[in-house]
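Participant: So that we are looking at the same thing, I have put the structure below in structure tokens.
Bear in mind that the values in this text are calculations on the coordinates, not laboratory data. No experiment lies behind these values; they were computed from the predicted model shown.
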Amino acid sequence: VHLVESGGGLVQAGGSLRLSCAASGLTARTYSMGWFRQAPGKEREFVAVLSWSGNSARIADSVKGRFTISRDNAKNSVFLQMNSLKPEDTAVYYCAATPNGLPTTPRLYDNWGQGTQVTVSS
């Protein structure tokens, strides 16, 4: 299984970014896809997760109303639309896959991408 994130970068506060994650080597319909982030010196933090059908999702309170998760199973891809970005959103963002429902705990995810850096300047 191989997950590759893209779309990170430097943006001013209030701006937007769209992260993409392309998956290979897994059957999309059997996996929930999630996003986590990790800032320097902090633990990896749950951001969002979406079921394989796209009908069920969980979003962290810290990003609710600003971030949206979506997926395209035909392309084995998941996306994270990030609007109204804040400096505290600065982190490395990771894509992850799990067959285990909609967990918010990193250890329940089997596969991880290498991460993409998001930096929000004030």
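Participant: Just to confirm my numbers, what's the Cα centroid distance between the range 1-50 and the range 60-84 in Å?
Facilitator: Cα centres, the range 1-50 to the range 60-84: 8 Å.
Participant: How high is the relative contact order of the chain? Use alpha-carbon pairs under 8 Å, at least six apart in sequence, and give a whole percent. Mind dumping the intermediate values first?
Facilitator: Working: 305 pairs, mean separation 44.1, N = 122.
About 36 percent, as a whole number.
Participant: From the convex hull of the Cα coordinates of the range 1-68, what is the mean projected area in square nanometres? Don't skip to the end; give the middle numbers.
Facilitator: Details: hull surface 22.5 nm².
Its Cα hull, projected and averaged over all orientations, spans 5.6 nm².
Participant: Just want to confirm a number: the relative contact order over the range 7-78, from Cα pairs under 8 angstrom separated by 6+ residues, in percent. Kindly include the intermediate steps, with their values, before the conclusion.
Facilitator: On the way: 86 pairs, mean separation 19.9, N = 72.
Computed over the range 7-78, the figure is 28 percent.
Participant: Taking the convex hull of the Cα atoms, report for the chain its projected area averaged over all directions, in nm². List each step's numbers first, then the result.
Facilitator: Values: hull surface 26.3 nm².
Result: 6.6 nm².
Participant: Still on this model: Kirkwood hydrodynamic radius (Cα pairs, Å) of the range 61-113? Present the calculation step by step, with values, prior to reporting the outcome.
Facilitator: Working: mean 1/r = 0.0781 Å⁻¹.
About 12.8 Å, per the Kirkwood formula over Cα pairs.
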